[in-house]
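Worksheet: one structure, shown below.
The values are calculated or read from the model by the stated rules, or taken from the named source; none is laboratory data. No experiment lies behind these values; they were computed from the predicted model shown. Using ideal geometry, Cβ is built from the backbone for each residue, glycine included, and neighbour counts are taken over all protein chains shown. Quick note on the areas: whole protein, heavy atoms, side chains included, nothing else; ligands and nucleic acids left out. Shrake-Rupley method; radii C 1.70, N 1.55, O 1.52, S 1.80 Å.
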Amino acid sequence: MNRLVFLFFLLLVISCHAIASDRHDSFSDFLSNFPDARQYDFQWDGQLMLRAQYTGNVHPTGKEIPQEYLEKFFFFNKTCLDKEKYKYYYGGKYVYEDGVVTIVYRTQKDFVTRFGKGLTEAFATTYHEDGWIDDQLFICPRSAEHRTAIYIEDMKNYVGNHNRVTISVKDTIITHCDKNSVYGTLLSYRAFVRAKTNTLYTEGAYDGYVIEDLVFPRKAFRISDNRDAIGQPYISVSHKRINEAYARLQENPVDSFAQAAYFEAFPDNWDDLVDLYQFRLEPNYDMTMLCNSEQHLKAFFKLDKIGKRNYINKIIDIVDEGEDSPKARHLWNAFREEIALLLSDYEKEGGNCEKLFSCLSSRSTAYQFGFWRFYFGWYYELTKPYELQNLSRRFSWQYPALLSTMKDAYYYYSGKLYDRNTGPRILF
């Protein structure tokens, strides 16, 4: 009996070893079809003519991945559900100390976009040993409206960097076109491979999200305008309303009716604002509103035909429960700067700062606390060490309760001026 048990376990070990060996050989063959992502070679982009662009070090090879390899080494979570719609192609790979990351492209030729036909999406996948998937992340789209370049870089030699591998994306998003020109925005963002765990994550776009607005000659692009044909199914009512109001405002920026219409169309709370202008890295997600956010925000902050108290009250409503996050950092920064500008004329009798304090004083303590929490954030600037002292001196007799709430919020949320061991570094 003992001999039979021994033989059973021996056969089991041999069988598992054979399966593992076969999987290892299959995974090695799978990886061999991915070109290595070589060191980036800085080049001039012929379409942009006067400025340099990433050309990327990962590109679709045009070689289709067999179904057997997709089942074994790629289909993971939701990508498994989409296998009937797409064809999958090898991209590139990068081998590092803790594993390997691959870029796979999947293509759907019949997908109709605003400015052409056909959609390609890139996915990053990390592996541990023998092809076992650690994590997978959508990286970027490619289509007539998304001209993207992917660059994989090893960051292990950078001081203080805890991620070995960074996947950088340069995405030129086409926003609109006319007979002579194509207009777009260059958007840059990164995905990271977390060291040791091989998990993938993104912090959203960086450098202010919208990097640069671009204009191309129409003849440089093979592009067809399908916006009317497809009916813009992804444009919500709020998108349409703000875009139409913004267009009218651009036609006559000083017209009080155009300003009022834009003021009404602009979101009046943080959730709606983020939903409208956030960075969201998802397949088929349209990032046009993200590209428009910089100009839309500038237009809102320049409204001068709206009653100042109405304007200030709307800002207070918007930032309530607002917080910094990678997908909305550009919004957070923009509104903090606008609030700082309102506070800057504290010496002026009846100025914006006094109006702001007056509007805040009519709100509940919770509302006031939320406003100051938003403003102080987690890295209140060292460049303004006396701002709170000045505000306290100016309004202490007029709004004592509001100032008390402001101090409490400052103690909890100011990052650089508050030391956990010694308390606030300045007194007011």
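Here are the numbers:
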| quantity | calculated |
| --- | --- |
| Within the stretch 325-345, considering residues that are modelled with pLDDT under 90 and open to solvent by 40 Å² or more (accessible area, probe 1.4 Å), the one farthest from the chain's Cα centre (by Cα) | ASN333 |
| Search result, residues across the stretch 297-321 that are of a type in the set (Phe, Trp, Tyr) and closer than 12 Å to LEU342 by Cβ | PHE301, TYR311 |
| Positions within the stretch 184-214 being touching a Phe, Trp or Tyr at 6+ places or on another chain (Cβ under 8 Å), modelled with pLDDT of 80 or more and open to solvent by 60 Å² or more (accessible area, probe 1.4 Å), in sequence order | ARG190, ARG194 |
| So LEU297, is it within 25 Å of ALA191 (Cα to Cα), in contact with a helix residue (DSSP H, G or I) (Cβ under 7 Å, 6 or more places away or on another chain) and part of a helix (DSSP H, G or I) | no |
| Condition met for VAL95 (assigned to a strand (DSSP E or B), surrounded by fewer than 18 Cβ atoms within 10 Å (Cβ to Cβ) and in contact with a helix residue (DSSP H, G or I) (Cβ under 6 Å, 6 or more places away or on another chain)) | no |
| Residue in the stretch 158-177 that is aromatic (Phe, Trp, Tyr), in a strand (DSSP E or B), open to solvent by 40 Å² or more (accessible area, probe 1.4 Å) and modelled with pLDDT under 85 present | no |
| Residue within the stretch 395-404 that is open to solvent by 40 Å² or more (accessible area, probe 1.4 Å), farther than 23 Å from ASN313 by Cα and either modelled with pLDDT under 90 or part of a helix (DSSP H, G or I) (or both) present | no |
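Yes/no matrix, rows are residues, columns are (1) touching a residue at least 60 places away in the same chain (Cβ under 8 Å); (2) open to solvent by less than 20 Å² (accessible area, probe 1.4 Å); (3) more than 22 Å from the chain's Cα centre (by Cα):
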site	(1), (2), (3)
PHE279	yes, yes, no
LEU290	yes, yes, no
LEU297	no, yes, no
LYS305	no, no, yes
LYS308	no, no, yes
ILE312	no, yes, yes
GLU321	no, no, no
